[in-house]
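First comes the structure, then the notes that go with it.
The values are calculated or read from the model by the stated rules, or taken from the named source; none is laboratory data. Bear in mind the structure is a predicted one, so any value in this text is a computation, not a measurement. Please note: Cβ atoms are built from the backbone with ideal geometry, for glycine as well, and neighbour counts cover all protein chains shown.
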Amino acid sequence: DGGITQSPKYLFRKEGQNVTLSCEQNLNHDAMYWYRQDPGQGLRLIYYSQIVNDFQKGDIAEGYSVSREKKESFPLTVTSAQKNPTAFYLCASSNRLALNEQFFGPGTRLTVL
Amino acid sequence: EDQVTQSPEALRLQEGESSSLNCSYTVSGLRGLFWYRQDPGKGPEFLFTLYSAGEEKEKERLKATLTKKESFLHITAPKPEDSATYLCAVQAGRAGSYQLTFGKGTKLSVIP
């Protein structure tokens, strides 16, 4: 089945640690995105990527980093510089960057202890 | 700045009681308006894309409509399994603008 997978489903981090969230898609989509969702707020864009080895900052990129070495994969690293990392993280993809529906993965819930 | 406002924040319906959810938007040249359904603890599920005023799309008990300032998601004779948070998002038509701007969602509860 085609789709987007994210792992792990739940992640716990101690303050000061970097953690990496995985996102893989087998939809052959060119574009991939990372969003953050907090209670009572809309989804906010962290980073997006149009093609391999290229990515751009979204609205809230500070404290995060990404890579796009393969078309299928777009991992997100939450660094210790992110002041409030506890949130629900969602990865999405679309088959054209300019206009098309974005399809979402199941999400990773990150909790900082 | 693009903005999306959804109302109401929460809506409780009896099973079979039809209603509508509202999504008001301000955007520099609308390229597309998207509706998603999100269940608790899960990623959003795509429902509809609307591109221009007057457009309508239907899926089972859901019907989405679009005007120049807002979109409505009409739910006809809802069932308990329609309970979820419904998200609206817009994509601007500005050159180089690729991101979606999301509203905060409407949490729908359908009571048997």
Practice task
Examine segment B:77-93 for a residue that is surrounded by fewer than 14 Cβ atoms within 10 Å (Cβ to Cβ), under 13 Å from B:Val4 (Cβ atoms) and not aliphatic (A, V, I, L, M), and state whether such a residue exists.
Solution key: no
Fill in the blank from the handout: Note on segment A:62-82: residues among the aliphatic types (A, V, I, L, M) and assigned to a strand (DSSP E or B) are A:Val66, A:Leu76, A:Val78
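Okay, residues lined up against (1) buried (at least 19 other Cβ atoms within 10 Å of the Cβ); (2) within 12 Å of another protein chain (Cβ to nearest Cβ); (3) modelled with pLDDT under 90; (4) more than 18 Å from B:Phe46 (Cβ to Cβ):
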| site | (1), (2), (3), (4) |
| --- | --- |
| A:His29 | yes, no, no, no |
| A:Ala87 | yes, no, no, yes |
| A:Asn100 | no, yes, yes, no |
| A:Gly107 | yes, yes, no, no |
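Results for (1) at pLDDT below 95; (2) closer than 23 Å to A:Met32 by Cβ; (3) touching a Phe, Trp or Tyr at 6+ places or on another chain (Cβ under 6 Å), shown as yes or no for each residue.
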residue	(1), (2), (3)
B:Gln3	yes, no, no
B:Gly32	yes, yes, yes
B:Phe72	no, no, no
B:Ser97	yes, yes, no
B:Lys104	no, no, no
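Which fully enclosed strands (runs of 3 or more DSSP E) of segment B:1-89 have 3 or more residues being touching a Lys or Arg at 6+ places or on another chain (Cβ under 8 Å), within 29 Å of A:Phe88 (Cα to Cα) and more than 14 Å from every other protein chain (Cβ to nearest Cβ)?
B:70-75
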Exercise for the section: Considering only residues that are surrounded by 13 or more Cβ atoms within 10 Å (Cβ to Cβ) and assigned to a loop (DSSP other than H, G, I, E, B), look in segment A:1-17 and name the one that is farthest from the other protein chains (Cβ to nearest Cβ). Expected result: A:Gln17
